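Here the structure comes first, spelled out in structure tokens, and everything after it is commentary.
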């Protein structure tokens with residue numbers, strides 16, 4: 001399965017990265033440590049060479065025949081130690097060997113060194129024979145007014161062994177450390193990805209039938225907790241839209257079947273017996289009425305579907321609000337007049353909004369129609385428009401029975417009717433407010449509802 | 001009489017249209033498939049073609065393009081279940097003269113066909129007379145039995161529309177679109193139209209023995225002198 005593979009691969013990738021970073025860090029550390037140790041050891045040898053120089057120079061003499069001679073004076077005490085430790089050559093300035101004191105047999109050295117190259121102080125290394133390295137110091141000196149060049153030796157074997165051991169330690173410990181880091185990294189990765197594994201296992205069990213399930217979220221603060229919260233939030237919305245869709249499908253089929261049932265029944269009953277022309281006209285007329293109901297219903301549903309899918313394209317233009325309100329009023333005034341209702345309009349002259357005129361008008365018509373329908377005869381309906389802190393707000397208030405809190409949330413749902421029997425007789429489908437809501441939301445605004453039972457309702461259309 | 005070709009694959013609809021149009025005096029031929037439609041229409045002897053968009057074989061738009069490239073001048077009324085604006089534009093761009101969305105009222109189809117087939121020389125007269133009712137379309141005066149009747153602007157528009165279509169039934173949908181200029185069918189105008197019709201009826205028919213404004217149940221309204229034979 002892809003998800004499992006990806007999870008594994010992520011763990012492996014994390015582990016590899018971890019190990020690689022660890023290896024690089026150790027390698028850099030080892031290189032730096034090696035450099036420092038090597039430098040310190042070499043400096044130590046150089047320091048000893050300088051001490052040797054001082055000791056040896058002080059004890060060089062020329063005898064009467066002009067021969068260079070090295071005498072160990074008692075002043076320095078341990079004669080044997082000085083003899084053994086000192087390892088030097090004395091060269092004349094013109095490159096002749098004057099004196100050589102080697103603690104190792106000269107014959108053991110395959111390649112005697114050439115004469116000193118110059119008369120300046122210098123330190124360098126040389127390999128006297130295979131695997132036998134020495135560190136050398138050359139330095140000019142004066143022995144009883146005679147200028148000479150002294151060359152001192154120090155065995156590097158000890159230093160080299162120390163360095164080799166250091167490398168061995170590194171070579172052995174590096175793979176161990178990297179392996180340890182890899183194992184640790186893997187364990188850490190597995191442990192920190194465990195919530196994801198758990199989440200995936202839970203999420204897999206969630207289907208359209210069990211949308212009420214939620215992911216466990218023991219620690220909502222951390223990153224995975226946030227992920228789970230987001231996921232749960234999505235689930236919640238999915239659940240509610242599924243529920244709404246189910247309800248809608250049920251409602252729609254009911255609403256579509258009602259006129260269809262009437263069509264069939266009226267048709268069948270109309271054909272019974274031996275109807276005369278007048279009776280048949282009645283029957284057919286009644287059937288056509290139902291057909292028209294179906295037509296309008298399907299049109300309304302299509303309008304809603306287009307609004308919801310965002311398919312309906314918007315044509316924004318500058319709409320003069322007072323004119324729009326008057327237009328809405330003109331369309332519906334006759335209905336209010338029938339019920340002797342007064343409609344009060346109020347809008348500051350010159351108030352405009354950039355919006356889709358047709359959608360906005362349709363929404364206002366639906367809300368106003370709703371207000372007229374639910375207001376008692378002789379009641380008053382007001383349509384007020386105003387600019388409230390940069391938002392155009394159009395309020396449509398009625399003096400109807402008001403809407404109880406339990407209906408307030410659902411009044412904008414498709415097919416939702418508080419008084420089902422009365423609305424249908426009225427020719428309403430319970431779609432008007434749903435269309436209004438979706439139209440206004442499509443325009444980027446919202447509809448607010450303030451209502452109290454017995455005190456009428458106030459729909460506030462707030463435009464962006 | 002005008003010759004009409006109906007290209008429509010739904011047998012029931014095609015038959016009903018044919019019967020209806022014949023009863024109105026048209027000479028009607030029916031094509032049930034797109035290919036048949038192409039053959040018949042390119043003969044070029046029809047005054048009008050009622051063309052369904054969704055057809056088996058060549059579809060309505062293809063037929064339309066073919067017919068127009070062949071130079072056939074017949075007026076074409078396109079029928080379709082699609083009513084998105086883009087489709088409407090596409091249909092008209094392809095050479096249709098008018099466009100009707102299914103389901104439609106037969107009365108509306110009749111009205112549209114009449115407009116399409118109207119000879120260009122025919123001029124609209126200023127006054128319409130229905131029995132003793134006179135409607136002056138230019139000066140917006142209405143008289144019945146030589147007595148002026150005062151109408152609101154909306155009532156006059158409504159009466160004028162009915163007068164132009166006198167003798168023909170007009171549907172609420174036609175009134176909503178042509179008198180109220182309301183394009184959205186989901187807008188609640190049916191009640192509004194009914195109330196205006198009631199007002200208009202009171203003003204022109206009350207006190208007269210012969211009623212002129214009739215309701216045709218399930219279809220719409222008609223302005224005519226003869227009472228129905230029922």
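Values computed for the structure shown
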{"read-out": "Some residue of the range A:457-464 being away from every other protein chain (no Cβ under 14 Å), modelled with pLDDT under 90, farther than 25 Å from residue A:314 by Cα and surrounded by 19 or more Cβ atoms within 10 Å (Cβ to Cβ)", "value": "yes"}
{"read-out": "Given (1) in contact with a helix residue (DSSP H, G or I) (Cβ under 8 Å, 6 or more places away or on another chain); (2) more than 18 Å from residue A:370 (Cα to Cα); (3) in a helix (DSSP H, G or I), index of the condition residue A:319 fails", "value": "(3)"}
{"read-out": "Residue, nearest to the other protein chains (Cβ to nearest Cβ), within the range A:314-332, restricted to residues that are free of Cβ contacts under 8 Å to residues at least 40 places away in the same chain and surrounded by fewer than 20 Cβ atoms within 10 Å (Cβ to Cβ)", "value": "A:330"}
{"read-out": "Qualifying residues in the range B:184-218 (those that are free of Cβ contacts under 8 Å to residues at least 12 places away in the same chain and at the interface with chain A (Cβ under 7 Å from one of its Cβ atoms)) - the one nearest to residue B:160 (Cα to Cα)", "value": "B:195"}
{"read-out": "Residue within the range A:345-360 that is surrounded by 20 or more Cβ atoms within 10 Å (Cβ to Cβ), within 14 Å of another protein chain (Cβ to nearest Cβ) and assigned to a helix (DSSP H, G or I) present", "value": "yes"}
{"read-out": "Residue B:71 farther than 24 Å from residue B:174 by Cα and not in a helix (DSSP H, G or I)", "value": "yes"}
{"read-out": "Hits in the range A:45-58 (condition: loosely packed, with under 15 Cβ neighbours inside 10 Å and either free of Cβ contacts under 8 Å to residues at least 40 places away in the same chain or under 24 Å from residue A:181 (Cβ atoms) (or both))", "value": "A:47, A:51, A:54, A:58"}
{"read-out": "Residue within the range A:405-422 that is at the interface with chain B (Cβ under 10 Å from one of its Cβ atoms), closer than 30 Å to residue A:309 by Cβ and surrounded by 22 or more Cβ atoms within 10 Å (Cβ to Cβ) present", "value": "no"}
{"read-out": "Only listed residue being modelled with pLDDT of 85 or more and more than 14 Å from chain A (Cβ to nearest Cβ), chosen from B:112, B:119, B:73", "value": "B:112"}
{"read-out": "Condition met for residue A:250 (exposed (fewer than 15 other Cβ atoms within 10 Å of the Cβ) and either under 30 Å from residue A:210 (Cβ atoms) or within 14 Å of chain B (Cβ to nearest Cβ) (or both))", "value": "yes"}
{"read-out": "Test for residue B:142: is it over 30 Å from residue A:367 (Cα atoms), at pLDDT 90 or above, in contact with a helix residue (DSSP H, G or I) (Cβ under 9 Å, 6 or more places away or on another chain) and within 14 Å of another protein chain (Cβ to nearest Cβ)", "value": "no"}
{"read-out": "Residue in the range A:271-289 that is within 14 Å of chain B (Cβ to nearest Cβ) and at positive phi present", "value": "no"}
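The values are calculated or read from the model by the stated rules, or taken from the named source; none is laboratory data. Just so we're clear, the structure is a prediction, and the values are computed from it rather than from any experiment. Glycine gets a Cβ as well: all are built from the backbone with ideal geometry, and neighbour counts include every protein chain shown.
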